[in-house]
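Student: Can you read through this structure? Questions will come right after.
The values are calculated or read from the model by the stated rules, or taken from the named source; none is laboratory data. The structure displayed is predicted, hence computed values, not measured ones. Every residue, glycine among them, receives a Cβ derived from its backbone with ideal geometry; neighbour counts consider all protein chains shown. The accessibility values were calculated without ligands, DNA or RNA, using every heavy atom of the protein model including side chains. Shrake-Rupley method; radii C 1.70, N 1.55, O 1.52, S 1.80 Å.
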Amino acid sequence: MCGCSALVAGGRLPPPSIPRRLRRRRGNSVRAEVSPGSESQRKKVAVAGAGWAGLAAAHHLVKQGYDVTLLAAENGPTEEVGLRGFWNPYRNIFALVDELGISPFTGWNKAAYYSPEGLAVEFPIFHNQPRLPAPFGVLAYPEFPNLPLIDRLTSIPVIAAVIDFDNTDTAWRKYDAVTARELFKMYGCSRRLYKEVFEPAIQAALFAPGEQCSAAATLGMLYYYMLSHQENSDFLLCRGEVEETIFSPWLKSLEIEGLKFVANKAPSSFTVDTDSGCISSIVCGDDIYRADAFVSATGLSSLQSIVKNSPFLRSHRELANLLHLSTIDVISVKLWFDKKIMIPKVANVCSGFDDSSGWTFFDLTSIYDDYYGETITVVEAEFYNASQLVPLDDDDIVSEASLHLIKCIQDFEGATVIQKSVRRSPKSVINFLPGSYKYTPRGSTSFPNLFIAGDWIVNRHGSFSKEKAYVTGLEAANRVVDYFGTGDFAKIIAVEGDEPHIETLRNLSRRANELKSQIPLSEFFLQ
């Protein structure tokens, strides 16, 4: 039960974020038909970044007849750093998988949370439980071996804040200045409940401790575990590496349709045509890629580097604002142990072993097809907010990971690491610091032909992590289609609506806020 990622959405959501121009054209869009010999007439689009967002944008644009070049910073498509699971609401990704004709997923999985005191929470497969109205299922079915009922009951007042947070711009601005820890303190959460349940969720979903996370981002994440449909907390896992199991066949299908894939090309700058005010090319070291439109689907830190090196780009406010945002280091450690170790849950969320880092670990022996029947144990751990680990050598990182595993599951003591793989991902995910929302970009920019996609930008679809990255890629493709006026818009499956009683409570909350704003002198007092 890892959470979301950014900007994390929650609540009953507005319709998918489609520019007004797109809505006007939806009824009479025209497909980009390419006739023999008209290759030079096709509009060229360069997509930088070959993760969920970049592949999604390239996927739709290729199908609309555009000449698409996909630039990858590594040898092949690479999944964004972050949450491993594919949650029940990931309807667009599941539709893609069906379209590709592949079956990469496990069944629904159970998860556990660990604190320094040991096992804190065990989560069931909610699909297997009688469906209760939200939020009663997520309150009734998880097991808390050591957490008293009185502590668990202090979560109820927090629901009021989750109801009030409806993923609108007003809600984000209202809660973004407050830290997650201040929010829970304000609503009377017990110290143990925060440390053993909410803090691990925040660290695994938002990659930093509650003191460093916006209350708005936290409330968006909590929506999925408190107010959305009970089974939305369930997740699938990929039965192998996503790059091999999903991205590889996906890329091959796109190349067959005409996609040009270029590996090991990380963007270093953009070239601007000052006469037209448009981007004219993307520069990757010594190579220049010219196109008619561009989609930046890289991580935040990559785009920040480009902006830092260009005074002209910094003159555009939405790009200069990127320099106010912060990023977080992540370390991934894959370990092969010499004996079979019983790991009760395949996915595990942990916190509290140091002051600032959260981490997760997964039993790959039970997940990956390649390890089925093996007498060894293969585990992958990811450490978030891990700046203190990045400078260490691989052996020291492996030792640290092994010690953490022993604190959770005693059977790891005495097991020997026979193979290891360490991957450092510095500045790889956004830090949702309080106050960061106002600096976070939307999908369009002040350059008419430059669009941004990724799980870290603002959108209103209401998804998170991989699904959000994928959806923002489709939204970027729709903006390209709208810019040229050629092609059909990608169909984006909306997030399932709230249950009726939750929608009623949200409407009452909105009405109360409207009435409050109409009180004389309401803006006189500090909010």
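Student: Taking the range 456-514, which residues are under 20 Å from the mean Cα position of the chain (by Cα), outside any loop (DSSP other than H, G, I, E, B) and among the hydrophobic types (A, V, I, L, M, F, W, C)?
Tutor: Matches in the range 456-514: 469, 471, 474, 476, 477.
Student: Given the residues 17, 5, which is the only one that is crowded, with 24+ Cβ neighbours inside 10 Å, assigned to a loop (DSSP other than H, G, I, E, B), among the polar types (S, T, N, Q) and modelled with pLDDT under 95? Steps first, answer last, please.
Tutor: Working: 17 fails: crowded, with 24+ Cβ neighbours inside 10 Å.
Testing whether each residue is crowded, with 24+ Cβ neighbours inside 10 Å, assigned to a loop (DSSP other than H, G, I, E, B), among the polar types (S, T, N, Q) and modelled with pLDDT under 95 leaves just 5.
Student: Examine the range 395-414 for a residue that is hydrophobic (A, V, I, L, M, F, W, C), within 24 Å of residue 77 (Cβ to Cβ) and touching a residue at least 40 places away in the same chain (Cβ under 8 Å), and state whether such a residue exists. Quick ask: steps written out before the conclusion?
Tutor: Filtering the range 395-414 for residues hydrophobic (A, V, I, L, M, F, W, C) gives 397-398, 401, 403, 405-406, 408-409, 412.
With the extra rule that they be within 24 Å of residue 77 (Cβ to Cβ), the set shrinks to none.
Looking through the range 395-414, none of the residues is hydrophobic (A, V, I, L, M, F, W, C), within 24 Å of residue 77 (Cβ to Cβ) and touching a residue at least 40 places away in the same chain (Cβ under 8 Å).
Student: Which strands (runs of 3 or more DSSP E) does the range 300-393 wholly contain that include 3 or more residues that are under 14 Å from residue 423 (Cα atoms)?
Tutor: Numbers: elements: 326-337, 347-350, 359-363, 377-384.
Those strands (runs of 3 or more DSSP E) span 326-337, 377-384.
Student: I'm trying to understand the selection: among the residues of the range 266-284, which are part of a loop (DSSP other than H, G, I, E, B) and open to solvent by 50 Å² or more (accessible area, probe 1.4 Å)? It would help to see each step written out before you state the result.
Tutor: Start the filter on the range 266-284 by keeping residues that are part of a loop (DSSP other than H, G, I, E, B), which leaves 266-268, 274-277.
Passing the criteria: 266, 274, 275, 276.
Student: Looking at the range 244-265, which of the residues that are in a helix (DSSP H, G or I) and open to solvent by less than 30 Å² (accessible area, probe 1.4 Å) is farthest from residue 205 (Cα to Cα)? Break it down stepwise before answering.
Tutor: The first filter runs over the range 244-265 and keeps only residues in a helix (DSSP H, G or I), leaving 244-256.
Filter once more, so that each one left must be open to solvent by less than 30 Å² (accessible area, probe 1.4 Å): 246-247, 250-251, 254.
On the way: 246: 23, 247: 23, 250: 27, 251: 28, 254: 31 Å.
So the residue we want is 254.
Student: Another question, then. Among the residues in the range 70-91, are any modelled with pLDDT of 95 or more, assigned to a helix (DSSP H, G or I) and more than 24 Å from residue 450 (Cα to Cα)?
Tutor: Among the residues of the range 70-91, at least one is modelled with pLDDT of 95 or more, assigned to a helix (DSSP H, G or I) and more than 24 Å from residue 450 (Cα to Cα), which makes the answer yes.
Table: residues versus (1) among the hydroxyl-bearing types (Ser, Thr, Tyr); (2) under 30 Å from residue 200 (Cα atoms); (3) in contact (Cβ under 8 Å) with a residue 40 or more places away in the chain.
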| position | (1), (2), (3) |
| --- | --- |
| 290 | no, no, yes |
| 308 | no, no, no |
| 325 | no, yes, yes |
| 333 | no, yes, yes |
| 339 | no, yes, yes |
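Student: Could we say that residue 271 is more than 22 Å from residue 62 (Cβ to Cβ) and hydroxyl-bearing (Ser, Thr, Tyr) here? Explain how you work it out, then say what you get.
Tutor: On the way: more than 22 Å from residue 62 (Cβ to Cβ): yes; hydroxyl-bearing (Ser, Thr, Tyr): yes.
Yes.
Student: Sticking with this one: Is it the case, given these coordinates, that residue 56 is crowded, with 24+ Cβ neighbours inside 10 Å, assigned to a strand (DSSP E or B) and in contact with a Phe, Trp or Tyr (Cβ under 6 Å, 6 or more places away or on another chain)? First the steps, then the outcome.
Tutor: Numbers: crowded, with 24+ Cβ neighbours inside 10 Å: yes; assigned to a strand (DSSP E or B): no; in contact with a Phe, Trp or Tyr (Cβ under 6 Å, 6 or more places away or on another chain): yes.
Criteria not met by residue 56.
Student: Quick one: which of 271, 298 is touching a residue at least 60 places away in the same chain (Cβ under 8 Å) and within 25 Å of residue 481 (Cβ to Cβ)?
Tutor: So the residue among 271, 298 that is touching a residue at least 60 places away in the same chain (Cβ under 8 Å) and within 25 Å of residue 481 (Cβ to Cβ) is 298.
Student: Quick one: in the range 408-426, of everything that is part of a helix (DSSP H, G or I) and over 28 Å from the mean Cα position of the chain (by Cα), which residue is surrounded by the most Cβ atoms within 10 Å (Cβ to Cβ)?
Tutor: Start the filter on the range 408-426 by keeping residues that are part of a helix (DSSP H, G or I), which leaves 408, 410-412.
Cutting the leftovers down to over 28 Å from the mean Cα position of the chain (by Cα) gives us 410-412.
Numbers: 410: 11, 411: 15, 412: 22.
Selected residue: 412.
Student: Ok, one more. Return the only residue of 56, 95 being of a type in the set (A, V, I, L, M, F, W, C) and touching a Gly at 6+ places or on another chain (Cβ under 6 Å).
Tutor: 56
Student: Inspect all residues belonging to the range 507-522 and state whether any of them is open to solvent by less than 10 Å² (accessible area, probe 1.4 Å) and either modelled with pLDDT of 95 or more or over 30 Å from residue 315 (Cα atoms) (or both).
Tutor: Here is the first cut: in the range 507-522, the residues open to solvent by less than 10 Å² (accessible area, probe 1.4 Å) are none.
No - not one qualifying residue is present in the range 507-522.
Student: For the range 441-455, which positions are open to solvent by 10 Å² or more (accessible area, probe 1.4 Å), within 20 Å of residue 58 (Cα to Cα) and assigned to a loop (DSSP other than H, G, I, E, B)?
Tutor: Within the range 441-455, 442, 445, 448, 455 meet the criteria.
Student: Taking the residues in the range 285-299 that are of a type outside the set (Asp, Glu) and in a strand (DSSP E or B) as candidates, determine which candidate is most open to solvent (accessible area, probe 1.4 Å). Break it down into steps so the answer makes sense when it comes.
Tutor: Applying the first criterion (of a type outside the set (Asp, Glu)) to the range 285-299 yields 285, 288-291, 293-299.
Applying the additional criterion that residues be in a strand (DSSP E or B) yields 288-290, 293-296.
Working: 288: 97, 289: 49, 290: 165, 293: 0, 294: 3, 295: 2, 296: 6 Å².
Step by step, filter the range 285-299, then rank; the result is 290.
Student: Are any residues in the range 275-311 among the aromatic types (Phe, Trp, Tyr) and under 25 Å from the mean Cα position of the chain (by Cα), and if so, which ones? Before you say what the answer is, go through the steps one by one.
Tutor: Of the range 275-311, the ones among the aromatic types (Phe, Trp, Tyr) are 289, 294.
Correct list: 294 only.
Student: Right, another one. Which residues, counting only those in the range 118-153, are outside any helix (DSSP H, G or I), closer than 23 Å to residue 218 by Cβ and more than 28 Å from the chain's Cα centre (by Cα)? Quick ask: steps written out before the conclusion?
Tutor: Residues of the range 118-153 outside any helix (DSSP H, G or I): 118-125, 129-135, 141-148.
Filter once more, so that each one left must be closer than 23 Å to residue 218 by Cβ: 120-123, 134-135, 141-142, 144, 147.
The one that is outside any helix (DSSP H, G or I), closer than 23 Å to residue 218 by Cβ and more than 28 Å from the chain's Cα centre (by Cα): 147.
Student: Any idea which residue in the range 223-243 is farthest from residue 363 (Cα to Cα), counting only those that are part of a helix (DSSP H, G or I) and touching a Cys at 6+ places or on another chain (Cβ under 9 Å)? Steps first, answer last, please.
Tutor: Pass one, the range 223-243, residues part of a helix (DSSP H, G or I): 223-226, 230-233, 242-243.
Checking which are touching a Cys at 6+ places or on another chain (Cβ under 9 Å) leaves us with 223-224.
Numbers: 223: 27, 224: 24 Å.
Among them, the one singled out is 223.
Student: Out of the residues in the range 75-114 that are aromatic (Phe, Trp, Tyr) and under 19 Å from residue 490 (Cβ atoms), which is surrounded by the most Cβ atoms within 10 Å (Cβ to Cβ)? Steps first, please.
Tutor: First, the residues of the range 75-114 that are aromatic (Phe, Trp, Tyr): 86-87, 90, 94, 105, 108, 113-114.
Still in the list and also under 19 Å from residue 490 (Cβ atoms): 90, 94.
On the way: 90: 24, 94: 16.
My answer is 90.
Student: Which residue, of 355, 393, 329, 363, is at pLDDT below 95 and either of a type outside the set (Phe, Trp, Tyr) or open to solvent by less than 10 Å² (accessible area, probe 1.4 Å) (or both)? Spell out the reasoning first.
Tutor: Working: 393 fails: at pLDDT below 95; 329 fails: at pLDDT below 95; 363 fails: at pLDDT below 95.
Only one candidate qualifies: 355.
Student: For residue 467, work out the one condition from (1) open to solvent by 20 Å² or more (accessible area, probe 1.4 Å); (2) in contact with a strand residue (DSSP E or B) (Cβ under 8 Å, 6 or more places away or on another chain); (3) of a type in the set (D, E, K, R) it doesn't fulfil.
Tutor: (1)
Student: When the range 475-506 is examined, which residues are found to be of a type in the set (Lys, Arg) and buried (at least 21 other Cβ atoms within 10 Å of the Cβ)?
Tutor: Filtering the range 475-506 for residues of a type in the set (Lys, Arg) gives 479, 491, 506.
Correct list: 479 only.
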